[in-house]
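For reference, the structure is listed below as structure tokens.
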Amino acid sequence: MPPHAPRWTLFLAAAALTLATTACDQVKIDVGPFPTDTATTSGSGSGAGSAASAKAQLDKLKVATAGKMTGYSREKFPHWISTGSNCDTRDSVLKRDGTKVKFSGCNVVAGTWKSVYDGKTITVPAQVDIDHVVPLANAWRSGAAAWTTDQRKAFANDLDDPQLVAVSASSNRSKGDQDPSTWKPTDSSAWCEYAEDWIAVKTKWKLTILTKEKTALADMLEKC
């Protein structure tokens with residue numbers, strides 16, 4: 001497993017995120033309705049049990065060809081939305097994933113972040129991107145094109161599942177909208193966690209996968 005602490009406990013904590021020492025006290029996210037089945041899935045775990053669960057989930061994901069990009073735009077996944085007191089989803093992820101985070105009002109102005117994709121340590125907030133583990137365009141191709149705008153908004157701002165993570169801007173932009181068959185974290189020690197997170201998100205949101213994507217995920221789980 002990667003040397004950094006698993007993010008799953010942080011994602012669980014984010015469901016009740018409070019920023020008592022800042023102007024963002026008692027934030028609450030209203031992201032609209034989720035897809036029909038919103039049962040909790042596993043992800044960002046550690047150990048053989050978590051990997052076994054991820055493998056079982058992977059076997060249940062529907063394999064399909066990629067849908068068309070017709071009609072896609074990032075604006076159809078509204079983000080970042082307000083989380084109260086002038087905070088937004090980006091602020092909340094920066095607070096959750098960073099250490100010694102400092103604010104000006106609700107804006108993050110300082111802190112330290114460890115980018116799990118490439119192992120870089122970042123101390124300038126502007127150099128941190130909030131990555132959608134399953135990219136918005138990938139989600140569109142694998143089922144989100146049929147969702148309502150409220151469902152896409154919920155997906156794009158999902159703090160309850162391992163869908164949002166603070167990473168280096170360079171790694172996020174290198175990834176783009178690629179799936180694990182064409183892009184993996186440059187830090188191979190992150191492959192297990194990345195695969196678990198990807199599978200957890202696709203399971204939660206009932207998104208399909210490609211054959212080559214499934215093969216790549218299975219290979220990455222061997223790192224667990």
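The values are calculated or read from the model by the stated rules, or taken from the named source; none is laboratory data. The shown structure was predicted, so the numbers you read here are calculated from the model rather than taken from an experiment. Quick reminder, even Gly has a Cβ in these numbers, built from the backbone with ideal geometry, and neighbours come from all protein chains shown. Only protein heavy atoms, including side chains, enter the accessible area calculation; ligands, DNA and RNA are left aside. Shrake-Rupley method; radii C 1.70, N 1.55, O 1.52, S 1.80 Å.
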Exception for residue 132 within (1) in contact with a strand residue (DSSP E or B) (Cβ under 7 Å, 6 or more places away or on another chain); (2) without any contact (Cβ under 8 Å) to a residue 60 or more places away in the chain; (3) open to solvent by 20 Å² or more (accessible area, probe 1.4 Å) falls at (3)
Does residue 182 satisfy being in contact (Cβ under 8 Å) with a residue 40 or more places away in the chain, over 14 Å from the mean Cα position of the chain (by Cα), more than 22 Å from residue 76 (Cβ to Cβ) and not in a helix (DSSP H, G or I)? no
Any residue at all in the range 82-97 that's touching a Lys or Arg at 6+ places or on another chain (Cβ under 6 Å), within 19 Å of residue 164 (Cβ to Cβ) and at pLDDT 95 or above? no
So which residues in the range 86-128 are farther than 16 Å from residue 159 by Cβ and charged (D, E, K, R)? 100, 102, 114, 118, 120
Which one of the conditions (1) at positive phi; (2) in a helix (DSSP H, G or I) does residue 100 fail to meet, given that it meets all the rest? (2)
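Give me the residue from the range 102-115 that is within 12 Å of residue 166 (Cβ to Cβ) and at pLDDT 95 or above and, out of that set, most open to solvent (accessible area, probe 1.4 Å).
Going residue by residue through the range 102-115, those that are within 12 Å of residue 166 (Cβ to Cβ) are 108, 111-115.
Applying the additional criterion that residues be at pLDDT 95 or above yields 111-115.
Numbers: 111: 10, 112: 49, 113: 3, 114: 98, 115: 2 Å².
For the range 102-115, the residue satisfying everything is 114.
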Give all pairs with beta carbons closer than 7 Å in which a residue from the range 195-219 that is closer than 19 Å to residue 154 by Cβ and in a loop (DSSP other than H, G, I, E, B) meets a residue that is modelled with pLDDT under 95 and among the acidic types (Asp, Glu); count only pairs at least 6 apart in sequence or on separate chains. 206/37
